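Inspection log for the structure reproduced underneath, given as structure tokens.
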């Protein structure tokens, strides 16, 4: 599950209720806005947060069921990075899966090179989730809104990489 919570502090009770009722293995949060505080604790879950340095807003967090085996995957930063990211590797008996949690702020000038910089560091099967603020008719076919530049870059990446499948809920 991934969710742009736009302030975890204000939505902590909603999240706690969701975890209790749905019992997901992994939740990836974007826009936690959770600077300098200790991450909240949730029964039977570990939390890994990555705050946005220096500026307000942003921030990412993984909430991982404590019965799963995982490690934090170190990703080399991109020069002049515009994407916020964090990555974990889930380890099972048969395989390892990298999960990359991303937040791309709206109105960002996204460079395909930066996105691919992170993508190319994923060595296992992988899942990329997050709020990328990319609008495109490929994944929003009935949208009245036009494609935006971030959406165009993401669409181009999808077109050029056969190993990436877009999973998005229907309109």
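Every number in this text was worked out from the coordinates using simple rules, so none of it is lab data. In this text the structure is predicted, and so the values were computed from the model without any measurement. Here Cβ is always computed from backbone atoms with ideal geometry, including for glycine, and neighbour counts include all displayed protein chains.
Tabulated data
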| item | result |
| --- | --- |
| Cβ-based exposure ranking for 142, 7, in which fewest neighbours within 10 Å come first | 142, 7 |
| Among 84, 37, 96, residue whose mean-square fluctuation peaks in a GNM of the chain (springs only between Cα atoms under 10 Å) | 37 |
| On Cα atoms only, tilt of 8-22 relative to the major axis of the chain in degrees | 80 |
| Listed residues 160, 152, 101, most fluctuating in the chain (Gaussian network, C-alpha, under 10 Å) | 160 |
| Debye equation applied to the C-alpha atoms of region 76-116, log10 I(q)/I(0) at 0.22, 0.25, 0.30 Å⁻¹ | -0.76, -0.88, -1.10 |
| Inter-part distance where region 107-160 and region 54-99 are each reduced to a Cα centre, Å | 18 |
| Between 0 and 90°, nearest 10: helix 149-160 axis offset from the chain longest Cα axis | 90 |
| Mean separation of Cα contacts under 8 Å, 6 or more apart, over the residue count of the chain: relative contact order % | 16 |
| For the chain, calculated [θ]222 nm from helices alone, where every DSSP H run of n ≥ 4 adds -39500 (n - 2.57) | -6500 deg cm²/dmol |
| Residue of 87, 129, 155 that the Gaussian network model of the chain assigns the largest fluctuation, springs spanning Cα pairs under 10 Å | 155 |
| Calculated P(r) of region 1-150 - Cα pairs past 19 Å, % | 56 |
